[in-house]
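J.: The structure follows.
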Amino acid sequence: MTITKLDEYDIIIFDCDGVIIDINLLKCEAFGKAVQGYPVEIINEFVHYCKKTFGVSRYIKFKEFLSDFAREPFQEEKYRVLLKNYSNICKEIYDHAAITPDAKELLAELNRKIKIIYSFWK
């Protein structure tokens, strides 16, 4: 989509993950780090699965990890720990992630044409 084409819109919303910040593969690695302590084969299999299933909620992935990869009965406390581990790892990743190639240039060009409102959730 060219800048000229973008002029046709009143509102443009960009997703952060993989659009503005180059983070998708890093988040897959975060899934692996969140389940440290399990056998390395299980972790590697889970990370591979995560790379194939972008867009699937972390809540679903960790339930699947426990049932399909670790083959454990669901335990709410363990599930919450995995989610918290992942969240903490992702916060670190976001602080150091690279901007997606050409995103800065696109945002700079748009900023010259329209007012950009930045909203970052932390």
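None of the figures in this text is laboratory data; all of them are computed from the coordinates on show. What you are looking at is a predicted structure, and each value in this text was computed from that prediction instead of being measured. Methodologically, a virtual Cβ is constructed for each residue, glycine included, from the backbone with ideal geometry; neighbour enumeration extends over all protein chains shown.
J.: Run the simple label-point estimate for Asp102 and Glu8 please: 7 Å along Cα→C-beta, distance reported in nm.
T.: With each label point 7 Å from Cα toward Cβ, the separation is 1.8 nm.
J.: Per residue of the range 59-66, in order, report the coupling 6.51 cos²θ - 1.76 cosθ + 1.60 (Karplus, θ = phi - 60°) as ³J(HN,Hα) in whole Hz, putting x for Gly and Pro.
T.: Whole-Hz 3J(HN,Hα) from phi for the range 59-66: 5, 6, 4, 6, 5, 5, 4, 5.
J.: How large is the charge dipole for the chain, taken about the Cα centre, if only the Cβ atoms of Lys, Arg (+1) and Asp, Glu (-1) carry charge, to the nearest 20 debye?
T.: On the way: 18 positive and 19 negative charges, 55 e Å.
Rounded to the nearest 20 debye, it is 260 debye.
J.: Candidates (i) 1.01; (ii) 1.32; (iii) 1.05; which is the computed Cα Rg over 2.2 N^0.38 Å?
T.: (ii)
J.: Sticking with this one: Run lengths n ≥ 4 of DSSP H only: what is the helix-derived mean residue ellipticity at 222 nm for the chain, with -39500 (n - 2.57) per run over all residues, to the nearest 500? Display every interim value, and only then the final one.
T.: Values: 6 runs with 67 residues, N = 122.
Per the formula, -16500 deg cm²/dmol.
J.: Go through the range 1-100 and name the chymotrypsin sites (Phe, Trp or Tyr not before Pro) that are in a DSSP coil and have 11 or fewer other Cβ atoms within 10 Å of their Cβ. Spell out each step's value before the answer.
T.: Values: sites: Tyr9, Phe14, Phe31, Phe46, Tyr49, Phe54, Tyr59, Phe62, Phe65, Phe69, Phe74, Tyr79, Tyr86, Tyr94; in loops: Tyr9, Phe14, Phe54, Phe74.
Counting only loop positions with at most 11 other Cβ atoms within 10 Å, the chymotrypsin sites (Phe, Trp or Tyr not before Pro) in the range 1-100 are Tyr9, Phe74.
J.: Follow-up question, since we're still on this one. Over the chain, with a Gaussian network built from C-alpha contacts below 10 Å, which listed residue (Arg112, Arg71, Arg80) shows the highest mean-square fluctuation?
T.: Largest GNM mean-square fluctuation: Arg112.
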